[in-house]
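Below is one structure, written out as structure tokens; the observations come after it.
The values are calculated or read from the model by the stated rules, or taken from the named source; none is laboratory data. Since this is a predicted model, take the numbers as computed values, not measurements. Neighbour counts are summed over all protein chains in view; Cβ atoms, including those assigned to glycine, are modelled from backbone coordinates with ideal geometry. Just the protein is used for accessible areas: all its heavy atoms, side chains included, with ligands, DNA and RNA removed. Shrake-Rupley method; radii C 1.70, N 1.55, O 1.52, S 1.80 Å.
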Amino acid sequence: MPSIRKSPLLAVLLLAALHMLVFDRGLGGDGWAGFATLESLADDGDPWVENQTRGVMNGLVGAPGGHLVLQYPPGILALDALPFLAGRAIDRLLPARWMGSGADLPPVGRVPRGVFLSAAMIVLARNLATLLGLFWLGRALRRMGFSEGIAAAAAALAFFGGPLIFYSLVGMSHAPAFALAALLLLVLVRLDGWKLAFAAGTIVGGAVLLRYGSIVLAAPAVVGIGIKNRKNILAFAAGLGMALAPLPFWWSWIFGSWRLPYGGTWVLTAASPWNVLFSPVHGLFLFHPALLLGAVGLAILIRRSPAWGAVAAVWFLSVAVLYGWWSEWSNPGGYGQRFLIDALPALGVGFAAFLEGGRSRLKATVAAGAALAGWLLFFAAVGGLVIPPAGLPWPQRLGEYAPLLRHPPGPAALGNALRRASLPARVVAGPPPAR
């Protein structure tokens, strides 16, 4: 195995893995909807989850017959089935006295050992998907001609400078969607015929089976394929159609028709994409300032390499515009601007273009400082140093962090914040004192 000094990308992967180990957050957000569905399929033989919610209603909608069902596509169930079953197998093999009283699992509280282990395996799978996506992003950048150091730095900034610092930690579908988006970039870089165009279509279709909004990845894929050979767009369409073929059958099974009762509404508005990028409420560049440098890099790339600049710019803007049209764009129940995770591979290309060329040390220092600023916002939020608005779990505006500037936390407060934010820290140092 190459040493870390000889493999900067390996060093980045290890740092990202350490971050995910320290700040594990359990099966948060709407990840519980998929987990409850797997429990119902395994134990009851049906997708009706009213007996498995444990009080968590994120991602669930009503279906005919008064049932509660998963509102998301079925791909996440296929992805989670193996780690879910692995957790149950581990539960059967462990001695009864180990974790015999169960364990705490955010957000539902104490659960039986088997539930905890299955959820933990799913979260671990999310961690691994994130690392795989970062690896594919680094390989794609190397294939584009960037040096090992720049490719690794760009991958690091895509992770530590953006919303993955939070959404790689929970059981939601953003991490595997990011991995597939990064794989799409690698395939587009290597594209040399209809077979890889077909593969690109199946990758986009696979991402849609995880998150419906990932259909937006078709835009940069078509641009990239069209630049090389427009005839291969048909192969891309065939791969996409094949991957999406299971969706109508899934809709018919759980909803009784080919309708999609999904939360929120779509409205074409000139407020997009500026709302998701610059809004005081969860604006991407406010909560993740390093990503602004990635966007600057895209402008630089358009001048240096018009073809790849066009692909990456279309990628970034398509994702931003699409989610800016959605009524839920501000993500009030979540942390930061998670909907732009699909655009992180394109911003990774932008980071590489930004870092390349003269004044590399200065640019690297600015980018690292911007990423650190975003990471500190993350730590203050997950460590409970910031009081969010009433009824919401996370800060919505940068102004809510202002008390920390007036009264900076001391070492004891920072230690307590780490224990609140980190399961491993609580295991080692015990729970933090009540506030």
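Just in region 326-412: which GluC sites (Glu not before Pro) are loop by DSSP and have at most 16 other Cβ atoms within 10 Å? Taking region 326-412 and a limit of 16 other Cβ atoms within 10 Å, the loop GluC sites (Glu not before Pro) found are GLU328. As a length-normalised measure over Cα pairs under 8 Å and 6 or more apart, the relative contact order of region 269-339 settles at 45 percent.
Would region 163-266 count as rounded, prolate or oblate if I go by the C-alpha gyration tensor, calling it rounded below 1.5 in a/c and otherwise prolate when a/b exceeds b/c, oblate otherwise? Because a/c hits 1.5 or more and a/b fails to exceed b/c, region 163-266 counts as oblate. From most to least packed by mean Cβ count within 10 Å, the peptides 38-46, 167-175, 79-87, 425-433 give 167-175, 79-87, 38-46, 425-433.
What residue among PRO409, LEU9, ALA243 has its Cα farthest toward the positive end of the dipole of the chain, where the charges are +1 on Lys, Arg and -1 on Asp, Glu, each on the Cβ? Of the candidates, LEU9 comes out farthest on the positive side. For region 32-44, 3J(HN,Hα) computed residue by residue from phi via the Karplus equation (6.51, -1.76, 1.60; θ = phi - 60°) reads 5, 4, x, 5, 4, 5, 4, 4, 5, 5, 6, 9, 10 Hz, glycine and proline entered as x.
Each label point was placed 7 Å from the Cα along the Cα-to-Cβ direction; for ASN229 and LEU268 their separation is 3.5 nm.
The figure for VAL296 is an accessible area of roughly 60 square angstrom, using a 1.4 Å probe on the protein chains alone. Each of GLY26, GLY55, SER101 was placed along the dipole of region 1-154 (beta-carbon charges, centred on the mean Cα), and the one lying farthest toward the positive end is GLY26.
Carbon and sulfur atoms: what percent of the 1.4 Å accessible area of region 223-299 do they account for? Ligands and nucleic acids excluded, carbon and sulfur give 73 percent.
Can you tally the net charge around PHE178? Count Lys and Arg as +1, Asp and Glu as -1, for every other residue whose Cβ sits under 12 Å from the Cβ of PHE178.
Counting the neighbours of PHE178, the net charge comes to +2.
From the alpha carbon centroid of region 370-435 to that of region 140-199 is 29 Å. Here the peptides 91-102, 243-254 are ranked by packing, the mean other Cβ count within 10 Å, and the order with the highest first is 243-254, 91-102.
Evaluate E = 1/(1 + (r/R0)^6) for ARG420 and ALA299, where r is the Cβ-Cβ distance and R0 equals 35 Å; express this FRET efficiency to the nearest 0.05. Provide the component values of the computation, followed by the final result.
Numbers: r = 40 Å, r/R0 = 1.14.
Here the calculated transfer efficiency is 0.30.
First select every other residue whose beta carbon is under 14 angstrom from the beta carbon of ALA367; then total the charges, Lys and Arg +1, Asp and Glu -1. Result for the local shell: +2. Peptides 221-227, 286-292, ordered by how many other C-beta atoms sit within 10 Å of their residues on average, highest first, read 286-292, 221-227. Solvent exposure of region 1-88, expressed per residue, is 44 Å² of accessible area, with all protein chains present and a 1.4 angstrom probe. In the context of the full set of protein chains, region 308-399 has a per residue accessible area of 36 Å² (1.4 Å probe).
Between amide H atoms placed 1.01 Å from N, distances below 5 Å from LEU105 occur with ARG110, VAL111, all of them 5 or more places distant or on a separate chain.
Of the accessible area of region 95-152, computed with a 1.4 Å probe over protein heavy atoms only, carbon and sulfur atoms account for 61 percent.
Could you work out the local net charge near LEU128, counting Lys and Arg as +1, Asp and Glu as -1, over the other residues with Cβ closer than 14 Å to its Cβ? Charge balance in the 14 Å sphere: -1. With contacts taken as Cα pairs under 8 Å at a separation of at least 6 residues, the chain carries a relative contact order of 17 percent. Heavy-atom accessible surface of region 246-290, averaged per residue, reaches 52 Å², computed with a 1.4 Å probe.
Using a probe of 1.4 Å on the protein chains alone, the accessible area found for VAL115 is around 10 Å². For region 265-320 and region 36-112, what is the centre-to-centre distance using only Cα atoms, to the nearest Å? So the two Cα centres are separated by 36 Å.
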